[in-house]
2 protein chains.
Amino acid sequence: MESEGRLSVLALGGVFEIGKNMYVVQYNDNLIVIDCGSKFPVESLLGIDLIIPDIGFLLQNKHKVSALVITHGHEDHIGGIPYFLKQLNIPVYATKLTLGLIELKLKEHRLKKPELYEITPASELAFGELKLSFFRTNHSIPDCLGIVIDTPAGRVVHTGDFKFDLSPSNGQVPDIHKMARIGEEGVLLLLSESTNAERSGFTPSERLVGEKIMEAFQKADYRIFLSTFASNVSRLQQVIDAAVHTHRKLALLGRSMINVVKVALEQGYLSMPEGMLIEAKEASELPREAVAVLCTGSQGESMAALSRLASGRHPHIEILPQDTVILASSPIPGNERNVAAVLDGLYLRGANVIHGSGSATGMHVSGHGSQEELKLMLSLMKPRYFVPIHGEYRMLAQHKKLAESVGVDSGNIYILRNGDVLDVVRENNRYDVTQSRKVAAGNTLVDGLGIGDVGSVVLRDRRHLAEDGIFIVVATLSSNERSLLSGPDIITRGFVHVKEAEALLSELNEKIKADILTLLDAEHREWSVFKHKIRETSARLIFTRLGRRPMILPVIIEV
Amino acid sequence: MESEGRLSVLALGGVFEIGKNMYVVQYNDNLIVIDCGSKFPVESLLGIDLIIPDIGFLLQNKHKVSALVITHGHEDHIGGIPYFLKQLNIPVYATKLTLGLIELKLKEHRLKKPELYEITPASELAFGELKLSFFRTNHSIPDCLGIVIDTPAGRVVHTGDFKFDLSPSNGQVPDIHKMARIGEEGVLLLLSESTNAERSGFTPSERLVGEKIMEAFQKADYRIFLSTFASNVSRLQQVIDAAVHTHRKLALLGRSMINVVKVALEQGYLSMPEGMLIEAKEASELPREAVAVLCTGSQGESMAALSRLASGRHPHIEILPQDTVILASSPIPGNERNVAAVLDGLYLRGANVIHGSGSATGMHVSGHGSQEELKLMLSLMKPRYFVPIHGEYRMLAQHKKLAESVGVDSGNIYILRNGDVLDVVRENNRYDVTQSRKVAAGNTLVDGLGIGDVGSVVLRDRRHLAEDGIFIVVATLSSNERSLLSGPDIITRGFVHVKEAEALLSELNEKIKADILTLLDAEHREWSVFKHKIRETSARLIFTRLGRRPMILPVIIEV
């Protein structure tokens, strides 16, 4: 088979970071996009609600984009879709549950008539010379897919997020046989996820968590509150099973919990006896041993249900001494302090608290495969070329080592940054692989309804304002009469308790007034000179006295 | 022995939190203060540099305060001293190394003539009816003390921070025999630290870290960079020993590292061969196998040496591929994400990175005793009453359980919040113990040179500014002529890219102008009405279009 076409693979998000996954596979003038995730901003991105991939490259190549294919329904894979579709309306392909979660999102954004298509692991799609097929994997949400993209240059496989849970509680076993066939037929290039590349061994089965939850339910004498990721539908089912077994009714707290359970019940991913669900208010009225509560907030999010419960701010239900609270989760890096604050509140209420992963409590297992599972995927796929994806650099680097250990040629492994393009051209049976092109890639910041209208200057100002506040001087001058008509007036916000700084503020006022009067007498009067002088005088005195550098904003009005 | 006096014990900081330790022991009109720490603000305290205890209670009782006694030289025990002494100049007692570290701090604050007194574990002090003696403990800094306060009502013991490292690398073994005697003579009330009350077992010896460091040094082929807390002098000595053993010169990076090593060398807590220390510049010129670097930044602090090295921002030295980088530390909750970012940078430079505590790398052990050690302290002291200190609520609650397990009467254990006073009055051999009084206690915020002049209003404004910036409208009106002389001018900072919002801003300008003209025509003109209208018009349009709520500041000038 001959080919003169060019196969290109790149990430627009998801490498050198955790979050906002977006990968592109292109063959000549035809490309598909895999996943469209979001991630949460670090604290220094003040006021930013969400980060999504910069899709400038796709907008420039609009006519080439055939489809957006989604591997599964987690935020870091679907969170960017509403923003994406507002700019580029192309068909979206995903499994049933994933589509259900996407539809919830699109409804919130009031997006009209998106083109959504349901697929299954057995589906086959063709976009020009790109032929897509799929294989079932498992992870911490049902209905996950790996994607096979056959191109004239060869076969590309994208794993999505996966573990090899061979005894999953929901029965969705990974399709190892299909993966083996795909590998046997020959994989040119594998993209495989790297989240747990630093973790040795094999990730435990979700079923173990179910056993621990059942034990905890059997032991509890009073109410049980359990918090976990709403999207972990298999775990929700295990909680439901434990509640049924111990004759408890179930209340749901938190918008995402209510939404996901609704979708999953409708679609048949969750099942429970008729009449089992109750409102939070009812939960307060029933005998304590007859109630279980499933709630959001396992990451210590301050506005979520668990945090409200911990601090006694929930309007309908209160945690009482000897109630059992289970955090079936482990903190995502960055959330440790918030989780600790929630735990402290729970202990203060006298709750019996069970939290954490590991053998001690076993209330959580990861949804991502550990080293042996990553090696198993590599061994099944036997790729000629390998690109580790979905992880920070050290995870990608560790995944590279794992690939080498199962026989992938070290020179055939490429670590890409977002925007780096890997080009593959086949001539006869030789492959010419280059990693030299780059396309635009980066963070697009979402603030409220604005997408990308807050950039580095605005953020620098927000940081400045956040640090020491703002110090505004307003003066009205008459240029004809060379006189100060009004002011200077000093207005501050976020700077200092005005009462405690009265002396300093009136001293500043006098100094600035003197400066203005002097400058009014001068030959050449330019407003920029006035402003400069006010800035200088204020900054110096404020820093000397208070060691602070507020933003100083002189406003000169000429009438 | 009879007594009609009242013994009172309270915390002004350090309970229901980690950090800013400050405890008070008072007998009638005589009180001593134990420790004066600081803690770092959480991110939401924008612009705040440091949190120290509110010492209003001490200022109100100035004449009763006899001494400030310091248990050891960590920031959460000494960080507030400069601010304290500025407000209340009383004598400070501490061991040699602790005093050295306090003096560094006082010099930075240019405090003149503080009264500093050196003590040893053998010292005895008397302040009226309060008799103080001490016992040696160990921790992650040398020269730590426990404090015995004998009062007419009975004996109070404050442990300071401790572990029972029976084979400490610096030879400062905890004085178990003295502790046993103190307990045998009878302890009325024990205050003991709770940091690791949730951790089972016995904290490993610092010596193990030394062995691991030595192994790593022997294996390394090129330069070694090791980062740890500068105050962990025993660990620094172990690094020096490993460098001597492997014939490496030593460079120091980071102000606190340089300061601590200087003090510790002068005072004899560290020793090294003449000529071993080199400058960072020299380190770059020597053969790579002949260099070790000790640096700050093991918590991922963005301005510290390790972070600069990881991102290639250090002016004098660069990490090269195959250099070894050791983080002899574990992240303090809240710092995980910053540490991960530093690790990523180090891996990117091709360094051989060794990090983390636990048996896998063994590069860090805690300085705080685990459950068995806390039980050992309780068993040695056999207190009648017990107050767990130094920890968040869940740690205090767990420490209470540990105390019960070694025989302390559950009803004799008191968990105090900051400001809660425990009063003990002895009559004949009966003790009357009450926990009902409260004194003022809380956080004093330090911003630059200002102490306590930033409070909730200022912080609320900073958060508002940080979130969406500021939107200022300036208009100059002539009240006589009922006319708009100038403006409205719109000035924004931290709100939106002005270029991308030009249309919105000019629409706002016109609307506000129309509002002003309408109001100028009205019968009654109050500036507050103008301001209210401007706020309303701007807020509504901005929120509709951008989903944002900047701070809106109308400035009306009347000339």
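The values are calculated or read from the model by the stated rules, or taken from the named source; none is laboratory data. Quantities reported herein were computed from a predicted structural model and do not represent experimental measurements. Using ideal geometry, Cβ is built from the backbone for each residue, glycine included, and neighbour counts are taken over all protein chains shown.
Conditions tested, residue by residue: (1) closer than 30 Å to residue A:545 by Cα; (2) of a type in the set (Asp, Glu).
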position	(1), (2)
B:451	yes, no
B:462	yes, no
B:468	yes, yes
B:471	yes, no
B:484	no, no
B:503	no, no
B:512	no, no
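Restricted to the stretch A:431-474, and to residues that are out of contact with any strand residue (DSSP E or B) (no Cβ under 7 Å at 6 or more places or on another chain) and among the hydroxyl-bearing types (Ser, Thr, Tyr), which residue is modelled with the lowest pLDDT? Working first, answer last.
Of the residues in the stretch A:431-474, the ones out of contact with any strand residue (DSSP E or B) (no Cβ under 7 Å at 6 or more places or on another chain) are A:436, A:440, A:442, A:447-450, A:453, A:455-460, A:462-463, A:466-468.
After this cut, where a residue has to be among the hydroxyl-bearing types (Ser, Thr, Tyr) as well, the list is A:436, A:456.
Working: A:436: 90, A:456: 77.
Among residues in the stretch A:431-474 that are out of contact with any strand residue (DSSP E or B) (no Cβ under 7 Å at 6 or more places or on another chain) and among the hydroxyl-bearing types (Ser, Thr, Tyr), the one modelled with the lowest pLDDT is A:456.
In the set (1) at pLDDT below 85; (2) farther than 30 Å from residue A:50 by Cβ; (3) in contact with an Asp or Glu (Cβ under 9 Å, 6 or more places away or on another chain), residue A:533 fails one condition alone, (1). Filter the stretch A:116-154 for residues that are of a type in the set (A, V, I, L, M, F, W, C) and either outside any strand (DSSP E or B) or without any contact (Cβ under 8 Å) to a residue 40 or more places away in the chain (or both) and give the result. If the condition is that a residue be of a type in the set (A, V, I, L, M, F, W, C) and either outside any strand (DSSP E or B) or without any contact (Cβ under 8 Å) to a residue 40 or more places away in the chain (or both), then A:116, A:119, A:122, A:126, A:134, A:141, A:148, A:153 are the ones that fit.
Filtering B:105, B:20, B:62, B:113 for residues that are more than 14 Å from every other protein chain (Cβ to nearest Cβ) and free of Cβ contacts under 8 Å to residues at least 24 places away in the same chain leaves a single hit, B:113.
Within the stretch A:478-499, track down each residue that is hydrophobic (A, V, I, L, M, F, W, C) and modelled with pLDDT of 85 or more. Residues satisfying the conditions are A:490, A:491, A:495. When the criteria are applied in full, residue B:337 fails the requirement of being modelled with pLDDT of 90 or more and not β-branched (Val, Ile, Thr).
For the residues B:111, B:99, the requirement of being among the aliphatic types (A, V, I, L, M) and part of a loop (DSSP other than H, G, I, E, B) singles out B:111. Among the residues of the stretch A:398-451, the ones that are under 28 Å from the mean Cα position of the chain (by Cα), touching a residue at least 12 places away in the same chain (Cβ under 8 Å) and farther than 30 Å from residue A:196 by Cβ come to 5 in all.
Check the stretch B:254-268 and report whether any residue there is at positive phi and either touching a Gly at 6+ places or on another chain (Cβ under 9 Å) or crowded, with 19+ Cβ neighbours inside 10 Å (or both).
Yes, the conditions are met somewhere in the stretch B:254-268.
Only a single criterion out of (1) assigned to a helix (DSSP H, G or I); (2) surrounded by 19 or more Cβ atoms within 10 Å (Cβ to Cβ) is not satisfied by residue B:528, namely (2). If you go through the stretch B:21-58 and pick out every residue that is surrounded by 19 or more Cβ atoms within 10 Å (Cβ to Cβ) and small (Gly, Ala, Ser), you end up with 3. The residue that is surrounded by the most Cβ atoms within 10 Å (Cβ to Cβ), among those in the stretch A:423-454 that are of a type in the set (Asp, Glu) and more than 8 Å from chain B (Cβ to nearest Cβ), is A:423.
The set of residues in the stretch A:168-209 that are closer than 30 Å to residue A:246 by Cβ, free of Cβ contacts under 8 Å to residues at least 60 places away in the same chain and either of a type in the set (A, V, I, L, M, F, W, C) or crowded, with 20+ Cβ neighbours inside 10 Å (or both) contains only A:173.
Kindly indicate whether any position in the stretch A:373-388 is basic (Lys, Arg), within 14 Å of chain B (Cβ to nearest Cβ) and either free of Cβ contacts under 8 Å to residues at least 60 places away in the same chain or buried (at least 20 other Cβ atoms within 10 Å of the Cβ) (or both).
no
So that you can scan it fast, the table gives a plain yes or no per residue for (1) at the interface with chain A (Cβ under 9 Å from one of its Cβ atoms); (2) in contact (Cβ under 8 Å) with a residue 24 or more places away in the chain; (3) more than 23 Å from residue A:465 (Cα to Cα):
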| residue | (1), (2), (3) |
| --- | --- |
| B:456 | no, no, no |
| B:477 | no, yes, yes |
| B:510 | no, no, yes |
| B:518 | no, no, yes |
| B:530 | no, yes, yes |
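Looking only at residues in the stretch A:301-358 that are hydrophobic (A, V, I, L, M, F, W, C) and in a loop (DSSP other than H, G, I, E, B), which one is farthest from the other protein chains (Cβ to nearest Cβ)? If you could, list the steps in order and put the result at the bottom.
Going residue by residue through the stretch A:301-358, those that are hydrophobic (A, V, I, L, M, F, W, C) are A:303-306, A:309-310, A:317, A:319-320, A:325-328, A:332, A:339-343, A:346, A:348, A:351, A:353-354.
Subsequent filtering for residues that are in a loop (DSSP other than H, G, I, E, B) retains A:303-304, A:317, A:319-320, A:328, A:332, A:351.
Numbers: A:303: 13, A:304: 17, A:317: 22, A:319: 14, A:320: 17, A:328: 18, A:332: 9, A:351: 11 Å.
That would be A:317.
Go through the stretch B:460-471 and report how many residues are more than 7 Å from every other protein chain (Cβ to nearest Cβ) and buried (at least 22 other Cβ atoms within 10 Å of the Cβ). Lay out the reasoning, then the answer.
Step one: list which residues in the stretch B:460-471 are more than 7 Å from every other protein chain (Cβ to nearest Cβ), which gives B:460, B:463-464, B:471.
In the following step, the residues that additionally are buried (at least 22 other Cβ atoms within 10 Å of the Cβ) were identified as B:471.
Of the residues in the stretch B:460-471, 1 are more than 7 Å from every other protein chain (Cβ to nearest Cβ) and buried (at least 22 other Cβ atoms within 10 Å of the Cβ).
Being in the same structural domain as residue A:173 (by TED's automatic domain parsing) and either of a type in the set (Lys, Arg) or not in a helix (DSSP H, G or I) (or both) is the requirement here; does residue A:383 meet it? Quick ask: steps written out before the conclusion?
On the way: in the same structural domain as residue A:173 (by TED's automatic domain parsing): yes; either of a type in the set (Lys, Arg) or not in a helix (DSSP H, G or I) (or both): yes.
When the stated conditions are applied, residue A:383 passes them.
Once the stretch B:479-497 is narrowed to residues that are surrounded by 20 or more Cβ atoms within 10 Å (Cβ to Cβ) and within 18 Å of residue A:477 (Cα to Cα), the residue that is nearest to the other protein chains (Cβ to nearest Cβ) is B:487.
Can you name the residue in the stretch A:389-412 that is of a type outside the set (D, E, K, R) and surrounded by fewer than 19 Cβ atoms within 10 Å (Cβ to Cβ) and is also nearest to the other protein chains (Cβ to nearest Cβ) among such residues?
Step one: of the stretch A:389-412, the residues of a type outside the set (D, E, K, R) are A:389-391, A:393, A:395-399, A:402-403, A:405-408, A:410-412.
Within this subset, residues satisfying the condition of being surrounded by fewer than 19 Cβ atoms within 10 Å (Cβ to Cβ) are A:405-407, A:410-412.
Working: A:405: 18, A:406: 21, A:407: 23, A:410: 15, A:411: 17, A:412: 20 Å.
If we take residues in the stretch A:389-412 being of a type outside the set (D, E, K, R) and surrounded by fewer than 19 Cβ atoms within 10 Å (Cβ to Cβ), then A:410 is nearest to the other protein chains (Cβ to nearest Cβ).
Would you check if there is a residue in the stretch B:241-249 being within 25 Å of the chain's Cα centre (by Cα) and within 22 Å of residue B:284 (Cβ to Cβ)? If you could, list the steps in order and put the result at the bottom.
If we filter the stretch B:241-249 for residues that are within 25 Å of the chain's Cα centre (by Cα), which is where we start, we get none.
No.
When the stretch B:396-419 is limited to residues that are touching a strand residue (DSSP E or B) at 6+ places or on another chain (Cβ under 6 Å) and not in a loop (DSSP other than H, G, I, E, B), the one that is nearest to residue B:183 (Cα to Cα) turns out to be B:403. Of all residues in the stretch B:247-270, none are within 16 Å of residue B:211 (Cα to Cα) and among the hydroxyl-bearing types (Ser, Thr, Tyr). Within the stretch A:281-300, the set of residues being outside any strand (DSSP E or B) and more than 29 Å from the chain's Cα centre (by Cα) comprises A:281, A:282, A:283, A:284, A:285, A:286, A:287, A:288, A:289, A:290.
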